[in-house]
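Everything on this sheet refers to the single structure shown next.
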Amino acid sequence: MEELFNIIVRVFGLPRTKDFDEAQISVDCPNCDEGAHKGNLEINLEKDIYSCWACRETSEGVTGRGVKWLIRKYGDNQDFKEYSTLVPSVKITTVERVTEEVILPKEYKNFSRKNEHSPGYKEALEYLIARGLNMNILEKFHIGFCNDGKYGKRIIIPSFDLYGNINYFLGRDWTGKNKIPYLNHDNPKQDLIFNEYFVNWDLSVILTEGSFDHLVTFNSVAILGKTLSPKFVSVAQNNLKGNLYIAFDGDALKTAKELQKQLDFGKLRGRVYVIELPLEEDPSSLYKKLGEKGLHMALSGGILRF
């Protein structure tokens, strides 16, 4: 195992942290660090997985291909040859992915320039802008739209699992005329953490009710309702290093406090807080009125700490 660590150091430089017992090492991410020396790229040699907490290693979101692929990308031929020789002698286990493959509707289009003349583009974009979203958010979360088909006249908001695979999506009506505002994928919500791909468990995490609140709130998870998925509770108990904040709509304070009681046990005991918002407000409406910094200040309320 030490020889594998040495190859990692040779390719990525001196580690910020390392744990031989857990076969874990943290190094500067060659894709996004740019001399900041934050050590955001975590590599686990035993599990053969890696992830950058800042960029998930590439702007395209390619993760979970195994450490050997990472060595091939950033190392030289000798590094790759040595690693390939050593890996068969090391017990490597991979994380099973049990989530059913989710495919976006065939009518789905994103908000890139190539689609700006497509039917529905203008109306869908106007709806999102009216809700305070900007192109950076739409691009980051791969938000798109369907003008026709089963999800016609709906905004499509995908969810990505830990590895960057789509595991769910929401279809939000933008016309205001549909009796069913949301038409979502059939995967059970309780089996996933919405957009876990974007969550940094080393920091504090904010729980929101809906997807639009989540899109504008830093390091957040949308529970898509008022009940928690068992998976979220398990992962938060085992992985969350910061605090857990519940930022529900102002009129859902009672529900937020009930969830606080449910979550305040085990490793989370004493680290779950409720952020009380004005009665008619939610994170999405505050973002629209105050902007990103203003939202963060409003949520802080003297207790929010990352």
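Give the calculated FRET efficiency between residue 10 and residue 202 to the nearest 0.05, with a Förster radius of 22 Å applied to their Cβ-Cβ distance. My answer for the efficiency is 0.30. Residue pairs exceeding 24 angstrom between C-alpha atoms, taken from 189/261; 122/177; 257/289; 18/38; 38/73: 257/289.
The alpha carbon radius of gyration of the range 109-300, expressed as a multiple of 2.2 N^0.38 Å, is 1.03. Restricting attention to the chain, close to 75% of DSSP beta bridges with both partner residues there are antiparallel. About its Cα centre, the chain has a charge dipole of approximately 560 debye under the convention of +1 per Lys or Arg Cβ and -1 per Asp or Glu Cβ, with nothing else charged. Counting neighbouring Cβ atoms within 10 Å and putting the fewest first, the residues 271, 172, 154 line up as 271, 172, 154. For the chain, the relative contact order is 10 percent, taking Cα pairs closer than 8 Å that sit 6 or more residues apart in sequence and dividing their mean separation by the residue count. Normalised by the number of residues in the range 147-272, the average gap of Cα pairs under 8 Å and 6 or more apart makes the relative contact order 19 percent.
Divide by every residue of the chain the summed helix terms, -39500 (n - 2.57) for each DSSP H run of at least 4, and state the resulting mean residue ellipticity at 222 nm, rounded to the nearest 500 deg cm²/dmol. Helix-only estimate at 222 nm: -8500 deg cm²/dmol. Each peptide in 111-123, 7-19, 138-150 was scored by the mean count of other Cβ atoms within 10 Å over its residues; highest first, the order is 138-150, 7-19, 111-123. Across the options 159, 237, 8, the greatest Cα extent toward the positive end of the charge dipole of the chain (unit charges at beta carbon of Lys, Arg, Asp, Glu) belongs to 159.
Taken as Cα centroids, the range 106-148 and the range 207-247 sit 25 Å apart, rounded to the nearest whole angstrom. Highest average first, the peptides 174-187, 217-230 ordered by how many other beta carbon atoms sit within 10 Å of their residues are 217-230, 174-187.
FYI, it's all coordinate maths here, none of it is from the lab. This structure is a prediction, so every number in the text was calculated from the model and none was measured. Counting neighbours? That spans all protein chains shown, and the Cβs are built from the backbone with ideal geometry, glycine included.
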